[in-house]
Amino acid sequence: VQNFIESSQTGFLDNMANVTDVAGEKTIIVPALLLTYGTARFIICDEKLCHTSVNAMQSVFVTAIATEALKITAGRARPFTDEGPNSFHPFPGSRDYYKSLPSGHASLAFAVFTPFAETYSRWIYLIPVSVAAGRVYQQKHWLSDVAVGSSIGLLSGLLFTHKQNVQIIPNGIRICF
């Protein structure tokens, strides 16, 4: 897969991968999710959207912890280091070159969008799938990195969406003055 991707690089696909990266970027996803929740709760009073946003927040929280723990423990080299897919340097500290497994962008994208896809439309899954594909295309992750990351986010999103008795934020977020 990696060899095929290396031989298929085009300007258009480069631009598309940069665009899809946004949907997996934590500095964009978290504020957007909080804004969605706030809008649903206080402006448009949409209980379904509010509940879905809370499920996504819970999913993101659990996914972020699991993903970061695995990244630190595994210490897998990224494709652009040319060390190969079997190069592991556990506990790499701040060296991002060795935090390939699992893909954080893919895991967060699936964690955020799974509750919305399950509640509103399965077509929404195209967003996190494009994020995962873009990470492999940009040679920032191996295919197995995005598969593991996507699975973590997907399972977390499904858990909080379909198992109402599993909550880390009981009855949603409460803000009292």
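The values are calculated or read from the model by the stated rules, or taken from the named source; none is laboratory data. None of these values were measured; they are calculated from a predicted model. Heads up, the Cβs are rebuilt from the backbone with ideal geometry, glycines too, and the neighbour counts pull from every protein chain shown. When the accessible area is computed, the model is the full protein with side chains, heavy atoms only, and any ligands, DNA or RNA have been set aside. Shrake-Rupley method; radii C 1.70, N 1.55, O 1.52, S 1.80 Å.
Values computed for the structure shown
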quantity	calculated
Acute angle (nearest 10 degrees) that the helix 126-137 long axis makes with the longest principal axis of the chain, alpha-carbon atoms	20 degrees
Partners for Lys71 among aspartates and glutamates (Cα-Cα distance below 12 Å; same-chain residues under 8 apart left out)	Asp96, Asp145
Lysines whose Cα lies under 22 Å from that of Lys163, excluding same-chain neighbours fewer than 8 positions away	Lys48
Relative frequency of Cα-Cα separations exceeding 21 Å in segment 32-159, percent	42 percent
The chain: most fluctuating residue of Pro90, Pro102, Pro31 per GNM, C-alpha cutoff 10 Å	Pro31
Full-stretch length increase - Glu47, Phe4 - with 0.36 nm per residue and alpha-carbon distance subtracted	10.9 nm
Difference of contour (0.36 nm per residue) and Cα-Cα distance, Leu126 to Ser151	7.5 nm
Mean ellipticity per residue at 222 nm, deg cm²/dmol - from DSSP H runs of n ≥ 4 across the chain, formula -39500 (n - 2.57)	-19500 deg cm²/dmol
Rounded percent of accessible protein surface that carbon and sulfur make up, the chain, 1.4 Å probe	67 percent
By accessible area with a 1.4 Å probe, ligands and nucleic acids excluded, highest first: order of Asp14, Asp82, Asp21	Asp82, Asp14, Asp21
Percent RCO, i.e. relative contact order, over segment 1-151, from Cα pairs under 8 Å lying at least 6 residues apart	30 percent
Size of electric dipole in the chain: Cβ of Lys, Arg +1 and of Asp, Glu -1, about Cα centre, debye, nearest 20	400 debye
Between 0 and 90°, nearest 10: helix 26-38 axis offset from the chain longest Cα axis	10 degrees
Shape parameters for segment 91-177, alpha-carbon atoms, Rg then Dmax in Å	15.2, 48
Accessible surface of Arg95 - all protein chains present, 1.4 Å probe, nearest 10 Å²	120 Å²
Listed residues Lys163, Lys140, Lys71 arranged by accessible area, highest first, probe 1.4 Å	Lys163, Lys140, Lys71
